[in-house]
Every structure is written in structure tokens, then in C-alpha cells.
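S.K.: This is the structure I want to talk about, given as C-alpha cells.
Please treat every number below as a calculation from the coordinates, not as lab data. This one's a predicted model, so the numbers in the text were calculated from it and none came from an experiment. Heads up, the Cβs are rebuilt from the backbone with ideal geometry, glycines too, and the neighbour counts pull from every protein chain shown.
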Amino acid sequence: MELTASKTAGALGEHIGMSRDKIDEVQMAVVEACINAFEHSGSDDREVQILLQVLGEEKNPQGLEIMIRDQGIGFSPEEVATKKGSTSTLPQKRGYGLMIIHGLMDE
């Protein structure tokens, strides 16, 4: 699922003239977001919906919008960041997904 979404995002990025570096960033963020949605939704069906949309006019594209949704109960990203940063001085092996996604994407 995440690899297909990543390849599709890459193809759309190429189609609208994104740089190779930006396409790589988009693909990495898509993979990370899909995996997070699938692994951490807490939903019984573990279904993940992916919407990729080119913004703007066909002859003048303005960007790419990607939405990845699950049927989970949701969470507060700020609360998760506070919990991770407050109690342990040991390096974490997991839990960097949102930080990676936010670092790579505009919104």
C-alpha cells in the first residue's frame, strides 16, 4: 500500500514539474504517513484511505495535496511529543515519524 502510494505521488510530482529532491521528500513522507496510519490507528479494520490531488489548473499546477486517513480514535501530536521528550534520556529507536513528515512537508 505505502509503496504504491509513494510511486503514485512520485509520478504526480514529476508530472507537475517538482524537483527530484522534492519528489524524494514527498515519497518518504507518504511512506512514513501510511505506515503510521496502518500501525497506530487502533482501528479494528486497519483500513487506510489515501487521496492524492494535483492543485491548480491542468496547465498551471500549483502543488500536490496528499491526505492519508484512518478510522482510528485520533491523538494530539503535541501531547505525544511532550510525553516522548519528558521522561527518558535514552535515545529512542522509534517514534520519529511525525517529526520526519513535518520536516519534509509544507503543511
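S.K.: Taking the Cβ of Val31 as the center, what net charge do the other residues with Cβ under 13 Å away carry, scoring Lys and Arg +1 and Asp and Glu -1?
M.R.: Details: positive: Lys7; negative: Glu2, Asp24, Glu25, Glu32, Glu39.
Once positives and negatives cancel, what remains is -4.
S.K.: In addition: What shape does segment 1-50 have by the C-alpha gyration tensor, where a ≥ b ≥ c are the square roots of the eigenvalues, rounded means a/c under 1.5, and otherwise prolate means a/b greater than b/c and oblate the rest?
M.R.: Working: a/c = 4.06, a/b = 2.53, b/c = 1.60.
Judged from the Cα gyration tensor, segment 1-50 comes out prolate (a/c at least 1.5, a/b above b/c).
S.K.: Gly56: net charge of surrounding residues, Cβ under 15 Å, Lys/Arg +1, Asp/Glu -1, itself excluded? Show your work: numbers first, answer last.
M.R.: On the way: positive: Lys59; negative: Glu57, Glu58, Glu65, Asp106.
Overall, the nearby charge balance is -3.
S.K.: When you count, for each residue, the other Cβ atoms within 10 Å and take the mean per peptide, how do 23-35, 7-19 rank with the highest first?
M.R.: Working: 23-35: 19.7, 7-19: 14.9.
In decreasing order of mean packing, 23-35, 7-19 become 23-35, 7-19.
S.K.: With a Förster radius of 22 Å, plug the Cβ-Cβ distance of His102 and Ser43 into 1/(1 + (r/R0)^6) and report the FRET value to the nearest 0.05. Intermediate values should be presented prior to the final figure.
M.R.: On the way: r = 23 Å, r/R0 = 1.03.
Given R0 = 22 Å and the Cβ-Cβ separation, E is 0.45.
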